[in-house]
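Just below is one structure, and these are the notes that go with it.
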C-alpha cells in the first residue's frame, strides 16, 4: 500500500501548501486506500490538506517528524529499506533539505519534487542537483510554458531534457462554488513581505496603486471593488476606495463576471482562469526568485490574460478591457486537470 507524505513550507505566501493540498485532495479522492499524511511548517496546513496534517514549526527537526532520526528512526530506516510496504514517498514543493533527502534515500524512501518556475540562473542551479535527490520533478505548467521560459538558455534547456523532469500543469484546487456578481478583486497573495523590498513593490506600494485604480473605476461608476487581504498582511491597512475580503476562501468569490488582479503568482492565476474570470497581471518584485514576469508575458502571448504596469491608471485601463481572446481555451485546460491525474499516477506507481 502506498504511504505518501506531503511536506509544505510557509513561504512569503501560502502557494507551496496550496499546490500540495490540491494534489493531496485529488489523490485521496482517486485512491482512498492510499495512506496519506501532511507535514507542514505553517499552522495554516489544516486549511489546505484534508488528510491528517502535523505542524512542524521552523526549528523543529523534519527528520524526526519523518521518523528517520534516532534509534526509532534507524529501525524505520532499516525496515523501509528491506520491507517495501514501509517505504514512504515524500513530496516536496520547490524547497528541500539535502541532508533530509540523503537520510530518506539511504532508508529506501522515495522523493518527489513539485518545482515552480524560477529565473533561469536559479533554475539551472536547482535542476543541476535535482536528479541526485528526486525520482520525479514535476513542473505545474504547460510544456509550452517551460519552453517559453527556458528554451533560449542552452545549458538549462539541455538539463531539462532529462526524463525525470515533466511539465504537467496547470493544476489548482477545485472551486467549491462560483459567484457571478460583477466585481473587481485586487490580490497580494498571503500578504507576506520580503525583507529588503523596493518600496514600490512592497505590500504598501501595491496598495497605493491598487487604491488609485479603484478611485478611477469608482469615478466611472464601477462598484464591488475589493482587496483580498491575506492572513500574513498587516491589520492597519488604510484604504479609501476598496473593501476587503479574506483570501482563505477567495476562489469562491470568483466567477465569469470577476476581474482578478494579481502579481502573477501561480495558484491565484490559474484559480481565476478556472472560474472563467478576466485576469490582469502586473509586475512582481525583482528580488524574488520566481519567474512571474515571464509567466505574465506567456499568459498574454497565449491570449489568456492581460499584462499591466504596476500603476493605478494603467491598471484601471486594463481592468476595463474585454476578456482576453483565448480565455475559454485556458479555462478548459485548467478544468481538465490532466496534471493532477499524471502526478497522482506517478505517486501511486513509484
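The values are calculated or read from the model by the stated rules, or taken from the named source; none is laboratory data. These figures come from a predicted structure and were not determined experimentally. Note that we place each Cβ from the backbone using ideal geometry, even for glycine, and neighbour counts take in every protein chain shown.
Could you tell me whether any residue of the stretch 181-197 is at pLDDT below 90, within 30 Å of residue 113 (Cβ to Cβ) and more than 22 Å from the chain's Cα centre (by Cα)? Let's see the steps before the verdict.
Pass one, the stretch 181-197, residues at pLDDT below 90: 188-197.
Okay, now just the ones that are also within 30 Å of residue 113 (Cβ to Cβ), so 188-197.
So of that shortlist, the ones also more than 22 Å from the chain's Cα centre (by Cα) come out as 196.
Within the stretch 181-197 (the criterion being at pLDDT below 90, within 30 Å of residue 113 (Cβ to Cβ) and more than 22 Å from the chain's Cα centre (by Cα)), the answer is yes, since at least one residue qualifies.
Just one of the numbered conditions (1) without any contact (Cβ under 8 Å) to a residue 60 or more places away in the chain; (2) in contact with a strand residue (DSSP E or B) (Cβ under 9 Å, 6 or more places away or on another chain); (3) surrounded by fewer than 22 Cβ atoms within 10 Å (Cβ to Cβ) is not true of residue 113; which one?
(3)
Need at least 3 residues that are modelled with pLDDT of 95 or more and either more than 25 Å from residue 202 (Cβ to Cβ) or in contact with a helix residue (DSSP H, G or I) (Cβ under 6 Å, 6 or more places away or on another chain) (or both) per element, so show me which helices (runs of 4 or more DSSP H) inside the stretch 293-350 make the cut, counting only ones lying wholly within it.
312-319, 327-336
Among (1) modelled with pLDDT under 95; (2) under 26 Å from residue 259 (Cα atoms); (3) crowded, with 20+ Cβ neighbours inside 10 Å, which single condition is residue 178 missing?
(3)
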